[in-house]
Amino acid sequence: MAQSLPKHVQSRAPDPNLSKADQLACYIAQNYSEPHTADDIAKANGLHPNYAMNLFRKAFGTTMTEFITQHRISHAQRLLVTTDDPVIEIAFASGFQSLSRFNEAFERACGCALREYRKLHRHQG
């Protein structure tokens, strides 16, 4: 009996020419702004969650959760320097579910506060 996945987990079929690890990475890259768990990502790619997590870590040296966070931070960095959007909007647009989680993840990844990053990296022109 096939189990239906939540709408945010459904995606187009994985590219059969890619390895399973690369399929997971592509899925994350295409869907990082959605609220995902490693279980969701594994199931969307037809894999058992434990197998998918181990495979991903072996292939990329990081967890799926850390990989998702890296994509979200990169997106947030782009928005911080290219828009005047409020930080809370950038957090949600980047896939973070709370401002506190966004602040914590951003500072850990970038070594500075959001507003400081925006001020330091804002394109002058």
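Since every read-out is calculated from the coordinates, none of them should be taken as a lab result. Nothing here was measured: the structure is a model prediction, and the numbers come from that model. With ideal geometry, Cβ positions are generated from the backbone for all residues, glycine too; neighbour counts draw on all protein chains shown.
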Among 103-109, 115-121, what's the highest-first ranking by average C-beta atoms within 10 angstrom per residue? 103-109, 115-121
Among residues other than T82 whose Cβ falls under 12 Å from its Cβ, what is the net charge (Lys/Arg +1, Asp/Glu -1)? +1
In nanometres, what is the gap between the two model label sites at A21 and S98, each 7 Å from Cα along Cα-to-Cβ? 3.3 nm
Treat every Asp and Glu Cβ in the stretch 69-121 as -1 and every Lys and Arg Cβ as +1, leave all other atoms uncharged, and give the resulting dipole magnitude about the Cα centre to the nearest 20 debye. 120 debye
Size of charge dipole - the stretch 20-65 - debye, nearest 20, with Cβ of Lys, Arg +1 and Asp, Glu -1, no other charges: 200 debye
For a quick protection proxy, order the peptides 36-47, 59-70, 75-86 by their average other-Cβ count within 10 Å, most packed first. 36-47, 59-70, 75-86
